[in-house]
Amino acid sequence: MHSSKLQLIARRLIGALPSLFAVILVTFLIMRILPGDPAAFFAGAAATPEAVEEVRVKLGLDRSLPAQFWDYLTDLAQGDLGQSFTTGQPVLQELVDRLPASLELSALGLLLAVMVGLPLGVLAATRPNSFADHACRLLTTTGVCLPTFFTGLVLIYVFYYLLGWAPAPLGRLDLFLTAPERITGFYLIDSLLAGDLEVFWASFTQLLMPAITLGLFALAPLARMTRASLLGVLGSDYIRTATASGLSRTTVLYRYALRNALLPVVNTMGMVFSYLLGINVLVEKVFAWPGVGSYALEALIASDYAPVQGFVLAMALLYLLLNLSVDLVNTLLDPRLEKNA
Amino acid sequence: MSTNPLLQVEDLSVSFHTRMGKVAVLDQVNLDIGKGETLAVVGESGSGKSVSAFAALGILDAAGCVDHGRVLFEGRNLLTLPKAELRSLRGKDLAMIFQNPRTALNPIRTAGQQIEDVLACHADLPRRALKEAAIEQLAQVKITDPARRYHAYPFEMSGGMCQRVMIAVALACKPRLLIADEPTTGLDVTTQMVIMDLIKELAQAQGMATWLITHDLGLAADYADRIAVMHAGQVLETAPGRVIFKAARHPYTRRLLGATPRKQGSLEDLVPIPGSLPDLRQPQPPCRFSQRCDRCIDACNTTALTLQNIGVNHQLACRNPL
Ligand SMILES: Nc1ncnc2c1ncn2[C@@H]1O[C@H](COP(=O)(O)OP(=O)(O)OP(=O)(O)O)[C@@H](O)[C@H]1O
Ligand SMILES: [Mg+2]
């Protein structure tokens, strides 16, 4: 059992190498095709053409594309993602610094969506045409219609500006508080480890609005999938067998129906989480969140190649890990996968 | 009528709400099964055999509804029993096995776990004893190496093996009535016989009554004490197997016999039954077979149809019998 899991992991990692290479190549090319000249940006608006040219040589941008790509690859192989032109910092360091902020936000968004979406889907499936069923339908349609940055702005307007319940949408922590000592980079966890409940609460309230913004988006596919999957399972033969065997309602619903219904829901969760990582870019901008999304967005505007390339590569690796964990969870839930793997 | 009834289905009418309106599927179905007796319910596909059994156990789809009738199990009406009481009867005193053993078992629980679930629900066993009891149950349905099969998932077993596990699940609490809904369709001929023999043997050993649902008159004759012939949601004739084969009175029973392969006799002798099951969405005449029947008289379409005693253990619902 253990070795089959390790095999699965190894097979997936090796199988992902070609697509990782493709991601690296395509991002590299797209960055160079996009309009914008980093040398001009870096040299400043008042620079003479000679000065721009000088900068270009210094940055190595005068060399041929294949040569630049080769340099990039050899640096990558040594774990060097390059330097940001704008901040002068190593990209790897900045990504590592900022990634926990994005992950914490996306994870909380997903958690909220799961906590609301799954029970809602279950209620909708077990009580067709009830209030929960209609609520599920309404939420799933509106959740899909509203663009996330718009939901985010509405939330800020209502809960910060009008009602004053939420803290100012300015990053991870109130300016007067100091961040907890970095252990995981997740403020919620680090503050608890440090035993600082005030910081925990402050960072939680900062997280809440952007997380709800993400959660509202993730809610729709989760609730819909749970409902559809559970409805299908409830109509299946083995549920009839379980009922005919006199098993209690809770046993039939949870041990027999829900566990089977969760299999496709886990896949949806993985998919939704990867969407959330993408949508983060906009939500981080709206809430001034110091994550990797806003970092990449600013770099893109400045034609700063290395951070964008590093960001896309990091996202690709995250997707890879995410899919792998979805597969592992699935093999835990579904014996048919384990034996076939 | 058996003298010592365990289960009596009385005037059971069931309908389904569909997109095309209400469909009256069962029309005044009457069946009775004595203690330890095997009753076979025979009929074409769609004649309402499964629906009768589902209605009796209270496991109809949400769209189905019982319009009329009683189902008495040892004198208690299952249809009006409080839910909790009915649940404690199901699996313990009344058990059911299904048409398709592969889909009837939970795909992500092992054979052993599914037996344990039923035992844990009804039998007063300590947790430790559950596993032992489940393995014993697997041995009882003649599964070789039961301790290993205990850990097997349905997808790792053949159809015949799944049906054995299904039987083990159903018989875990030694029920007094087993409803076997076409337990051998989808299995090869040898496995069919093995499974039927197994059910018969276990039923005899435990003094268990069997409600056998099948479309195979030959199988019914081999394994049942009595046979009830159903057509389009009506019971048309009930009699011991011998009587059905030698002295059936209902034209439909004769037609069914004519369409059943005999041990001696060739395939050319088989005569298909003319027409097809009536469309139950339309209003039906009192006898739903009348449009397919060559002995139809005026009375068939005017007077209500009831099952009448016409001999020892022989009941008939026909205005113009043979
Ligand atoms: N959920 C349902 N909704 C509507 N009609 C149904 C439903 N279930 C059964 N029926 C109808 O009830 C009738 C009897 O079905 P049933 O399954 O009892 O037949 P059967 O005698 O068991 O046939 P088979 O040998 O194919 O299993 C059929 O005409 C079928 O269309
Ligand atoms: Mg059937």
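The values are calculated or read from the model by the stated rules, or taken from the named source; none is laboratory data. Predicted model only: the values in this text are computed from it and were never measured. We place every Cβ from the backbone using ideal geometry, glycine too, and count neighbours over all the protein chains shown. For the accessible areas, the whole protein counts, side chains as well, though only heavy atoms, and no ligand, DNA or RNA atoms are used. Shrake-Rupley method; radii C 1.70, N 1.55, O 1.52, S 1.80 Å.
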Report task. Could you work out the mean count of beta carbons from other protein chains within 10 Å of each residue's beta carbon in B:187-195? Result -> 0
Query raised in the report: What residues have an amide H closer than 5 Å to that of B:GLY34, excluding those fewer than 5 places away on the same chain, when H is modeled at 1.01 Å from N in the peptide plane?
Result: B:LEU6
Query raised in the report: Quick one: Karplus J couplings for region A:126-136, per residue in order, coefficients 6.51, -1.76, 1.60, θ = phi - 60°, nearest Hz, x for Gly and Pro?
Result: 7, 10, x, 6, 7, 4, 4, 5, 5, 4, 4
Query - Taking all pairs of distinct alpha-carbon atoms in chain A, Kirkwood radius in angstrom - result: 22.9 Å
Requested in this report: Measure up B:LYS49/B:LYS246; B:LYS22/B:LYS49; B:LYS49/B:LYS263; B:LYS49/B:LYS200; B:LYS92/B:LYS131; A:LYS5/A:LYS285 against 29 Å on the Cα-Cα distance and list the ones that go over.
Outcome: A:LYS5/A:LYS285
Query raised in the report: In a Debye calculation with equal point scatterers on the alpha-carbon sites of the protein assembly as shown and no solvent, what is log10 I(q)/I(0) at q = 0.05, 0.06, 0.08 Å⁻¹?
Result: -0.40, -0.53, -0.77
Query raised in the report: With chain A treated as a Gaussian network of Cα nodes joined by springs under 10 Å, which of A:ALA244, A:ALA168, A:ALA43 yields the largest mean-square fluctuation?
Result: A:ALA244
Report summary line: Ordered by number, the residues of region B:102-148 that have at least 20 Å² less accessible area in the complete protein assembly than on their own chain alone (1.4 Å probe) are B:THR103, B:ALA104, B:ASN106, B:PRO107, B:ILE108, B:ARG109, B:ASP117, B:VAL118, B:CYS121
Query raised in the report: Taking chymotrypsin sites (Phe, Trp or Tyr not before Pro) as exposed when DSSP calls them loop (any state but H, G, I, E, B) and at most 14 other Cβ atoms lie within 10 Å, what is the longest stretch of chain A free of them, the sites themselves excluded?
Result: A:177-341
Requested in this report: Would you list the P(r) distribution for chain B, with all Cα-Cα distances sorted into 20 Å bins from 0 and each bin expressed as a whole %?
Outcome: 31, 57, 12, 0
Query raised in the report: Hey, what number do you get for chain B at 222 nm if only DSSP H runs of n ≥ 4 count, each worth -39500 (n - 2.57), divided across all residues, to the nearest 500?
Result: -9000 deg cm²/dmol
Report summary line: quick shape note, region A:12-103: Cα extents on principal axes in Å, largest first -> 51, 33, 24
Query raised in the report: Long-range amide H contacts for B:ALA152: which residues qualify at under 5 Å (H placed 1.01 Å from N, peptide plane, sequence gap of 5 or more or a different chain)?
Result: B:ALA111, B:GLY112
Query raised in the report: Using only Cα atoms, what is the ratio of the radius of gyration of region B:2-73 to 2.2 N^0.38 Å?
Result: 1.14
Query raised in the report: How much length is gained if the chain between A:LEU162 and A:LYS5 is pulled fully straight, taking 0.36 nm per residue apart and subtracting their Cα-Cα distance, in nm to one decimal?
Result: 51.3 nm
**Report entry** chain A, dipole about Cα centre (Lys/Arg Cβ +1, Asp/Glu Cβ -1), debye to the nearest 20
**Finding:** 1840 debye
Report summary line: Calc'd 3J(HN,Hα), region A:109-123, phi into Karplus 6.51 cos²θ - 1.76 cosθ + 1.60 (θ = phi - 60°), Hz, glycine/Pro = x, comes to x, 5, 4, 4, 5, 5, 5, 8, x, 5, x, 5, x, 5, 4
**Report entry** Under 5 Å, built H, 5+ apart or other chain: amide partners of B:ILE227
**Finding:** B:ALA40, B:ALA239, B:GLY241
Report summary line: About its Cα centre, the protein assembly as shown carries a charge dipole, from +1 on Lys and Arg Cβ atoms and -1 on Asp and Glu Cβ atoms, whose size in debye to the nearest 20 is 2520 debye
Query raised in the report: Interface B/A, total buried accessible area with a 1.4 Å probe, nearest 100 Å²?
Result: 2100 Å²
Query raised in the report: Which whole-Hz couplings ³J(HN,Hα) result when phi for each residue of region B:86-97 is put into the Karplus expression 6.51 cos²θ - 1.76 cosθ + 1.60, θ = phi - 60°, listed in order with x for Gly and Pro?
Result: 4, 5, 6, 7, 5, x, 9, 9, 10, 10, 9, 10
Report task. Excluding A:LEU81 itself, calculate the net charge of residues whose Cβ lies under 11 Å from the Cβ of A:LEU81, where each Lys or Arg counts +1 and each Asp or Glu counts -1. Result -> -3
